[in-house]
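S.K.: Please see the structure below; I have some questions.
Just so it is clear, none of the values below were taken in a lab; they were calculated from the coordinates. As the structure is a computational prediction, the values presented were derived from the model and not from experiment. Heads up, the Cβs are rebuilt from the backbone with ideal geometry, glycines too, and the neighbour counts pull from every protein chain shown.
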Amino acid sequence: MSAPVPIEIRLAGGSTVRGHEFAASGAPVVFIHEPGRDLDAWGAITADFAKRGFRVLALDLPGHGLSDGDADDWDGTIGEVMEQIEVQWGPMGVVAAGAACQPFLAIGTDHGVPIQAMISPTDSDEAALRSSARSMRLVMCGTADGDAQRAAKTMYDGARGHRMMVTGGKLEQGTELLVAHPHLAEELVMWFRRYLTAYHLGWINEITSTAKE
């Protein structure tokens, strides 16, 4: 596996979302840390995903790490960021943590994000849940924190599309949940292998067929 390379996603408004990419021929998986941190919060998880053959893109939220913009811009820029990634690499999976999960309720299969893993999502707005885009979502949290468990259950119950929930008696939440408990990251690897691979292969077949016409 090669070392990660810096990437930039330039937005129409003039700001730039930055991060790094582990290049691979497999399906793309995008990692989005929770507000107040940066992409380094994922520790070795992104590199481990890349070793399993996924094309991994880890991004800094606007106003975080090396990304430009205001820290409150994520809700308004997420669609543009995902669109640019889809054009380049096809349908993707997303691993988001904490409050960064909420905008993905409006992003789904029709937006190139058919498979999502929401790690310790914060409280979800009922209107956003009712109007949420269809996607296959895995919701994960540690049950030792009652508020986090309640917020995760609310997203699981209310989001549209197929859903799965993974919980355990853990105190850690968000990125720390996966860093502290590697077996949970392993479950995510299996989740994406099982459900994202078909979308990726379908995209490859489509662009290959188009190229031959």
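S.K.: How much of the DSSP bridge set in the range 5-212 is antiparallel, in percent, rounded to the nearest 5?
M.R.: 30
S.K.: For the chain, what does the helix formula give at 222 nm: sum of -39500 (n - 2.57) over DSSP H segments with n ≥ 4, over the residue count, nearest 500 deg cm²/dmol?
M.R.: Calculated at 222 nm, the ellipticity per residue is -11000 deg cm²/dmol.
S.K.: Please state the relative contact order of the chain as a whole percent: Cα pairs under 8 Å, 6+ residues apart?
M.R.: Taking the mean separation of contacting Cα pairs over the length of the chain, I get 17 percent.
S.K.: Now for a different question. Let me know the Kirkwood hydrodynamic radius for the range 5-212, please, with Cα pairs as the basis and the value in Å to one decimal.
M.R.: Hydrodynamic radius (Kirkwood, Cα only) of the range 5-212 equals 16.9 Å.
S.K.: Treating only the Cβ atoms of Lys and Arg (+1) and Asp and Glu (-1) as charged, compute the dipole magnitude of the chain about its Cα centre; round to the nearest 20 debye.
M.R.: Roughly 900 debye, rounded to the nearest 20.
S.K.: Now for a separate question. If one puts a single equal scatterer on every Cα of the range 1-104 and applies the Debye formula without solvent, what log₁₀ I(q)/I(0) results at q = 0.10, 0.12, 0.13 Å⁻¹?
M.R.: With no solvent term, the Cα-only Debye profile gives -0.23, -0.34, -0.40.
S.K.: How much length is gained if the chain between Ser131 and Asp75 is pulled fully straight, taking 0.36 nm per residue apart and subtracting their Cα-Cα distance, in nm to one decimal?
M.R.: 18.6 nm
S.K.: Which FRET efficiency value, to the nearest 0.05, is calculated for Met165 and Ala198 with the Förster distance at 35 angstrom and r the Cβ-Cβ distance?
M.R.: 0.95
S.K.: Which value in nm describes the separation of the simple spin-label points at Ala12 and Ser209, placed 7 Å from the Cα toward the beta carbon?
M.R.: Distance between the two pseudo-spin positions: 3.0 nm.
S.K.: Next up: Any chance you could check the Cα centroid distance between the range 10-41 and the range 61-136 for me, in angstrom?
M.R.: Rounded to whole Å, the Cα centres lie 11 Å apart.
S.K.: Further question on the same structure: Given H placed on each backbone N at 1.01 Å, which residues far from Ser67 in sequence or on other chains put an amide H within less than 5 Å of it?
M.R.: So Ser67 has HN proximity to Arg18.
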